[in-house]
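Structure incoming, see below.
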Amino acid sequence: MQPKEFSTLIELFLQATEGRDKPACFLTKSSGCYRGVTSRQALRIVAALAGWLDRAGIRPGSRVALLSENRLEWALTDYAILGLGAVTVPLYPTLLEPDVEYILRDSGAEGIVVSTRLQAEKVLKVRSSLPSLRFVVGMDGGDFGDASVQSWKDVVHAPQASGQDSEARLRETAGKVRPEDIASVLYTSGTTGRPKGVVLSHWNIVSNVVACRGLLPMSKTDVGMSFLPLSHIFERMFDFYYLAAGVSIAYAESLEKLPQNLLEVRPTVMAVVPRVLEKVHAKVLEKVGSAAAWQKQLFRWAISVGRQYFPYTNEGRKPPASLWLKRRVADRLVYSKIRAQMGGRLKFVVSGAAPLAPDLAEFFFAIGLPVYEGYGLTETSPVIAVNCPSAVRLGTVGRVVPGVEVKLGKEVAGELGAAGREILVRGPNVTPGYYHLEEENREAFSDGWFCTGDLGVMDPDGFLAIAGRMKNLFKTSGGKYVSPERLENLFQGHPYIAQVTVLGEARKFVGALIVPKFDALEPYATQHGISFASRAELVRNAAIETFMQAQVDEACRWLAPHERIRQIVLLAREFTIESGELSATLKVRRAVVERNYRDRIEEMFQRRAPESKATAATL
């Protein structure tokens, strides 16, 4: 059943909760198990929070910050802020004090709601430099180390917060919120290194929910797993979508506990980033690698059958009876066991925030778990295009969603050819601009079109493919352009390579920093008599370096000579969020990686690039 129309996010929430008593509107883990929060309970809590915020002086247009990991309290606090016509300012929980201070000051936040004592301490240490910040509320119970920190639970359970009066006041204030009002200011990395606030209105986000509603079928029988950061618009928009469709929303405890939470919740849908799928794929291959010979052969046969089968379903064609029968056998013996590790009930997942390698997508389609890749930006609320059950083409990010327009700009530098043209977007989902940054706004828009900075190619059937990021393009000293994303995507799902960052600006050749998959590389070393006392020693071993370079050469064999990765540096640890090398959505932050490994990068580029026969032939 299609939900009623709504034009603001708080109207969406009220329509999803008023007059209903869905037993598990939300699912959250407490005392060792997941428990349902009914729609009535959620409405009461949001009304209580909104009432307290109102008494604390929050008015339409006031900015209130959220600094928390994913949890139910995050979502309910967000709805309470929106219900007053105020503006939510999300902060990533991994941010350090200087960035927390900058965002709170730049946004003019009047209050902040934090999750833990650790997050509260970040705020308390800089509070003296934030004259507009009037209150701090802590979600966790217990001592926050400062008497000025209000308890979230006390706010929710205060006597004046209960009853129908608070709900009536919420409906009254919500009724005054207009679609064009600002709903949120989300801070993203700016070109100067300082975060810049993306302004999104209620209608920006609501229009995106409505545009996607007919493409990705969900209903009140579904359960969505929410584990990507709610401070990122990708997961937040999906949570709005789930609620509008009547989907129960379960909150993962953390990324590390996601595998366990999937088994506990057994979701039917979820939003993911490619890195999560890579880890699932790697675990499968690791298990198969230690299996008996007949099991390995069975796995290879099953995946081959799946790869033959899924194009029929994607294209709406009837498969041959023999292939259909083989697929049923393969599903019973192999696919169902892999899907069971993710709960066993997933109907599909939607992948975004970073490019998804076609080979990785093919694997999941082959095992009966469709992965619908999409594309978007914070500035577009976020979805611009997405594959869906009725229209899917691997290697693309799907067709442009209804109501949104895309055109391709000029060819970048006139030298990229098939690499793509800049993607320009306009529509109701596009931000009105960056928060009080007039110069950036002038640069971001051209004749009413938002300039994404991404390179794209559109095929004759309207499927959009992303070729890379303009600002990440680099030119070698030989004057040839290279798209690092194109090369890095070659290694998604690679048996020996976990992470890769491609470099080569103004250099004679292309190089790369590589984090191996140690679960595969260490057994390889042992089998070949290579001894090592630590991972640092392993990656410095000449035989291992030669082996890994051969893996890279094989992956790059079809590329033009100037694009091939000629030298590599092996790293002993993964890029992490904590080190600042990964974003909250697990994308590599190139500038941080280059800064952290500056010396090793310089050493790499002082080496002589090996000349292949193909290279010599072009000289």
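For residue 51, state whether it is in the same structural domain as residue 170 (by TED's automatic domain parsing) and either over 14 Å from residue 153 (Cα atoms) or under 26 Å from the mean Cα position of the chain (by Cα) (or both).
No; evaluated as a whole, the condition is false for this residue.
What is the one condition in (1) outside any helix (DSSP H, G or I); (2) surrounded by fewer than 17 Cβ atoms within 10 Å (Cβ to Cβ); (3) charged (D, E, K, R) that residue 603 does not satisfy?
Of the numbered conditions (1) outside any helix (DSSP H, G or I); (2) surrounded by fewer than 17 Cβ atoms within 10 Å (Cβ to Cβ); (3) charged (D, E, K, R), the odd one out for residue 603 is (1).
Conditions (1) under 22 Å from residue 359 (Cα atoms); (2) among the β-branched types (Val, Ile, Thr); (3) in a loop (DSSP other than H, G, I, E, B); (4) without any contact (Cβ under 8 Å) to a residue 40 or more places away in the chain, marked per residue:
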{"residue": "428", "(1), (2), (3), (4)": "no, no, yes, no"}
{"residue": "443", "(1), (2), (3), (4)": "no, no, no, yes"}
{"residue": "471", "(1), (2), (3), (4)": "no, no, no, no"}
{"residue": "490", "(1), (2), (3), (4)": "yes, no, no, no"}
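For the list (1) touching a residue at least 12 places away in the same chain (Cβ under 8 Å); (2) farther than 30 Å from residue 196 by Cβ, I need the number of the one condition that residue 526 fails.
For residue 526, the failing item is (1).
Looking only at the range 449-473, which residues are surrounded by fewer than 16 Cβ atoms within 10 Å (Cβ to Cβ) and closer than 13 Å to residue 405 by Cα?
Correct list: 462 only.
Any idea which residue in the range 381-396 is nearest to residue 434 (Cα to Cα), counting only those that are outside any strand (DSSP E or B) and of a type outside the set (Gly, Ala, Ser)?
Among them, the one singled out is 382.
Out of all the residues in the range 552-580, which are buried (at least 19 other Cβ atoms within 10 Å of the Cβ) and under 18 Å from residue 278 (Cα atoms)?
Within the range 552-580, 552, 575 qualify.
To keep it simple, each residue is scored yes or no on (1) touching a helix residue (DSSP H, G or I) at 6+ places or on another chain (Cβ under 7 Å); (2) on the phi < 0 side of the Ramachandran plot.
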residue: 438; (1), (2): no, yes
residue: 445; (1), (2): no, yes
residue: 448; (1), (2): no, no
residue: 471; (1), (2): no, yes
residue: 485; (1), (2): yes, yes
residue: 499; (1), (2): no, yes
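Need the failing condition index for residue 116 against (1) crowded, with 20+ Cβ neighbours inside 10 Å; (2) touching a strand residue (DSSP E or B) at 6+ places or on another chain (Cβ under 8 Å), just the number.
Among (1) crowded, with 20+ Cβ neighbours inside 10 Å; (2) touching a strand residue (DSSP E or B) at 6+ places or on another chain (Cβ under 8 Å), the lone unmet condition for residue 116 is (1).
OK, next. Answer with yes or no whether residue 183 is assigned to a loop (DSSP other than H, G, I, E, B), crowded, with 17+ Cβ neighbours inside 10 Å and touching a residue at least 40 places away in the same chain (Cβ under 8 Å).
Answer is no for this residue.
Residues checked against (1) assigned to a loop (DSSP other than H, G, I, E, B); (2) out of contact with any Asp or Glu (no Cβ under 7 Å at 6 or more places or on another chain):
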| site | (1), (2) |
| --- | --- |
| 335 | no, yes |
| 338 | no, yes |
| 346 | yes, yes |
| 356 | yes, no |
| 364 | no, yes |
| 369 | yes, yes |
| 379 | no, yes |
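Considering every residue within the range 491-509, establish whether at least one is within 23 Å of the chain's Cα centre (by Cα), outside the structural domain of residue 278 (by TED's automatic domain parsing), hydroxyl-bearing (Ser, Thr, Tyr) and at pLDDT 85 or above.
Looking through the range 491-509, at least one residue is within 23 Å of the chain's Cα centre (by Cα), outside the structural domain of residue 278 (by TED's automatic domain parsing), hydroxyl-bearing (Ser, Thr, Tyr) and at pLDDT 85 or above.
Which condition from (1) farther than 23 Å from residue 472 by Cβ; (2) in a loop (DSSP other than H, G, I, E, B); (3) of a type in the set (Asp, Glu) is the one that residue 519 breaks?
Only one criterion is unmet by residue 519, namely (2).
Considering the range 129-149 alone, what residues qualify as being surrounded by fewer than 19 Cβ atoms within 10 Å (Cβ to Cβ) and part of a loop (DSSP other than H, G, I, E, B)?
Residues satisfying the conditions are 130, 131, 132, 134, 141, 142, 143, 145, 146, 147, 148.
Can you name the residue in the range 5-42 that is farther than 16 Å from residue 170 by Cβ, hydroxyl-bearing (Ser, Thr, Tyr) and not in a loop (DSSP other than H, G, I, E, B) and is also nearest to the chain's Cα centre (by Cα) among such residues?
The qualifying residue nearest to the chain's Cα centre (by Cα) is 28.
Still on this structure: I need a count of the residues in the range 474-530 that are farther than 20 Å from residue 548 by Cα, surrounded by fewer than 20 Cβ atoms within 10 Å (Cβ to Cβ) and aliphatic (A, V, I, L, M).
Count: 1.
Follow-up. Specify the residue that is nearest to residue 226 (Cα to Cα); the eligible residues are those in the range 270-285 that are touching an Asp or Glu at 6+ places or on another chain (Cβ under 9 Å) and either surrounded by 23 or more Cβ atoms within 10 Å (Cβ to Cβ) or without any contact (Cβ under 8 Å) to a residue 12 or more places away in the chain (or both).
Filtering the range 270-285 for residues that are touching an Asp or Glu at 6+ places or on another chain (Cβ under 9 Å) and either surrounded by 23 or more Cβ atoms within 10 Å (Cβ to Cβ) or without any contact (Cβ under 8 Å) to a residue 12 or more places away in the chain (or both), the one nearest to residue 226 (Cα to Cα) comes out as 271.
If I go through the range 68-93 residue by residue, how many of them are assigned to a loop (DSSP other than H, G, I, E, B) and touching a helix residue (DSSP H, G or I) at 6+ places or on another chain (Cβ under 8 Å)?
Number of matching residues: 6.
Within the range 2-38, restricting attention to residues that are polar (S, T, N, Q) and at pLDDT below 90, which residue is surrounded by the fewest Cβ atoms within 10 Å (Cβ to Cβ)?
The residue in question is 31.
Turning to a different aspect of this structure: Right, residue 254: surrounded by fewer than 16 Cβ atoms within 10 Å (Cβ to Cβ) and farther than 30 Å from residue 583 by Cα or not?
no
Here's another thing I want to ask about it. So residue 215 fits all but one of (1) part of a loop (DSSP other than H, G, I, E, B); (2) modelled with pLDDT under 90; what number is the exception?
(2)
Could you tell me whether the range 317-334 includes any residue that is in contact (Cβ under 8 Å) with a residue 12 or more places away in the chain, buried (at least 16 other Cβ atoms within 10 Å of the Cβ) and within 27 Å of the chain's Cα centre (by Cα)?
No, there is no match, as no residue in the range 317-334 is in contact (Cβ under 8 Å) with a residue 12 or more places away in the chain, buried (at least 16 other Cβ atoms within 10 Å of the Cβ) and within 27 Å of the chain's Cα centre (by Cα).
Hey, residue 56 hits all of (1) within 21 Å of residue 151 (Cβ to Cβ); (2) out of contact with any Gly (no Cβ under 7 Å at 6 or more places or on another chain); (3) touching a residue at least 40 places away in the same chain (Cβ under 8 Å); (4) crowded, with 16+ Cβ neighbours inside 10 Å but one; which does it fall short on?
For residue 56, the failing item is (2).
The values are calculated or read from the model by the stated rules, or taken from the named source; none is laboratory data. The structure displayed is predicted, hence computed values, not measured ones. Every residue, glycine among them, receives a Cβ derived from its backbone with ideal geometry; neighbour counts consider all protein chains shown.
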